[in-house]
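Report on one structure; see the data block that follows.
Computed from the coordinates by the stated procedures, all read-outs in this text should not be read as laboratory data. Being a predicted model, the structure only gives us computed values, none of them experimental. Cβ: placed from backbone, ideal geometry, glycine included. Neighbour counts: every protein chain shown.
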Amino acid sequence: METVRRWLKRAGRWEYLWPCLLVLVTLAVHLSIIMWPAQPVLDELYYLDDARSIIAGNGTLRAEHPPLAKLIITSGILSFGDNPFGWRFFSVIFGTASIMLFYLVCRRLGMSPRASSLATFLLALENLSFVMSSVAMLDVYSLTFMLASFWLYLKGQYLPSGVSIALAMLTKLTGVLAVAPILLHWLLARRAQPVKFALSMLVAYASFFLLLPLFEFVISGKFLNPLQQLAQALSLSGAVTFANATHPAATRPWDWVLRPEIMFFWYEPHYIAAISFTLWALIIPAVLYMSFRVARGNDACLFALSWFAGTYLVWIPASLITNRMSYVYYFYPTVGAVAIGLGLGLSRLIDVWMARPEGKRGRVAISGVVAFLVLHASVFAILSPLSTWWSAPY
């Protein structure tokens with residue numbers, strides 16, 4: 001027993017204990033509902049048909065998207081069968097891996113273990129993030145490679161970061177948004193090793209154009225012109241506008257922040273593309289708080305604001321210029337930026353409590369933190385497919 005106590009004490013001091021527990025809990029919840037529903041959810045229908053076409057040797061059906069994520073979904077079906085587990089397995093793995101990557105990004109930004117753990121808790125138990133990593137769609141793969149590019153950049157490994165950006169783009173073209181936070185942060189805060197940094201940006205695009213025909217060759221058995229492929233993908237994707245198409249869940253980017261948007265992927269069990277209300281309600285306050293901290297030289301907030309601008313604000317002019325149809329789940333890559341601001345804010349309130357634990361101000365601060373975390377977890381339990389645990393149709 002003494003040995004066990006020593007081991008538990010040592011484990012309790014291990015920095016990665018809490019993020020690892022979050023990853024394990026999230027993974028367990030994912031796997032507990034992965035078979036529900038037994039039918040394709042929303043755009044899963046298109047990507048599963050695409051994967052089946054690839055397996056049959058007929059090539060891709062979705063030329064508007066790059067090949068990597070489609071190949072990953074195909075490998076899931078080949079590994080585990082054409083069933084819900086095979087469809088969604090790698091989405092779950094990538095989604096849970098993104099939680100640990102997010103924690104590593106927070107630590108590389110100089111955030112304390114406590115602030116990093118709080119931000120990671122908010123991300124892991126955020127409904128939109130959980131739902132997008134539960135389904136066989138492209139976004140979770142793109143985000144995971146995007147987070148990897150952030151982590152590598154912050155470590156100073158610029159060239160591997162460029163390759164990771166390319167992989168994000170090869171899963172979904174919106175992966176190119178990873179460039180903006182890195183570029184903004186480098187220009188505003190680092191400006192070191194300019195030649196190496198510029199080379200990493202070139203590596204990102206060079207890797208994309210080198211790997212694109214290779215992945216397409218795996219699908220079709222033919223080497224295709226990557227420039228023509230990209231032009232075709234952009235043309236097909238850009239053709240879906242508010243002027244020539246309709247969708248009941250289509251919304252403008254400013255709507256995602258100004259009002260709570262709900263998009264049903266599936267009804268029973270319910271897969272709801274909605275930003276957790278606890279996080280949504282504090283998006284604007286979090287941005288204002290991070291702006292205040294940036295003025296005082298906080299690098300984590302500077303990167304988070306660059307992240308927010310590069311993955312969300314860019315959609316506003318893009319929507320106005322192109323009239324491209326958009327949906328609330330496009331906010332998914334931005335959730336981490338808001339979580340960083342909130343994690344830092346909650347950690348600051350805990351500092352207030354620790355400074356005067358018996359004072360009224362300290363008690364109010366810690367009570368607010370605990371209440372918010374409990375409310376956030378409760379909102380997750382209500383919005384997410386987790387509710388299938390008590391309403392599952394056997």
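Residues whose amide H falls under 5 Å from that of Met263, counting only those 5 or more places apart or on a different chain, are Ala273, Ala274, with hydrogens built in the peptide plane. Using only side-chain charges placed at the Cβ, +1 for Lys and Arg and -1 for Asp and Glu, the dipole size of the chain relative to its Cα centre rounds to 1600 debye. Coupling constants for the range 124-141 follow from the phi torsions by the Karplus curve (6.51 cos²θ - 1.76 cosθ + 1.60, θ = phi - 60°), and in residue order they are 5, 9, 9, 4, 4, 5, 5, 5, 5, 9, 9, 10, 7, 10, 8, 5, 5, 5 Hz; glycine and proline get x.
Computed from backbone phi, the HN-Hα couplings of the range 110-121 come to x, 6, 5, x, 5, 5, 5, 5, 5, 4, 5, 4 Hz, rounded to whole numbers (Karplus: 6.51 cos²θ - 1.76 cosθ + 1.60, θ = phi - 60°; Gly and Pro given as x).
Size of the range 22-92 from its Cα atoms: along the principal axes, largest to smallest, the extents are 38, 23, 21 Å.
Considering all different alpha carbon pairs of the chain, the Kirkwood hydrodynamic radius works out to 22.0 Å. Across the range 62-70, coupling constants 3J(HN,Hα) worked out from phi with the 6.51/-1.76/1.60 Karplus curve, θ = phi - 60°, read 10, 5, 6, 10, x, x, 4, 4, 5 Hz, and Gly and Pro carry x. Within the same chain, lysines fewer than 8 places from Lys70 are excluded, and of the rest, those with a Cα less than 21 Å from its Cα are Lys172, Lys222.
The trypsin sites (Lys or Arg not before Pro) of the range 144-239 that DSSP puts in a loop, and whose beta carbon has at most 13 other beta carbons within 10 Å, are Lys155, Arg191, Lys222.
Helix 2-12 sits at what angle to the longest principal axis of the chain, using alpha carbons and giving 0 to 90 degrees rounded to 10? It is inclined by approximately 70 degrees. Neighbour counts of other Cβ atoms within 10 Å put Trp266, Trp151 in the fewest-to-most order Trp266, Trp151.
Gyration tensor over the Cα atoms of the range 77-227: the corresponding equivalent ellipsoid has semi-axes (square roots of 5 times the eigenvalues, largest first) of 27, 24, 10 Å.
Scanning the chain for GluC sites (Glu not before Pro) lying in DSSP loops with no more than 16 further Cβ atoms inside 10 Å, the longest uninterrupted stretch between such sites is 65-357.
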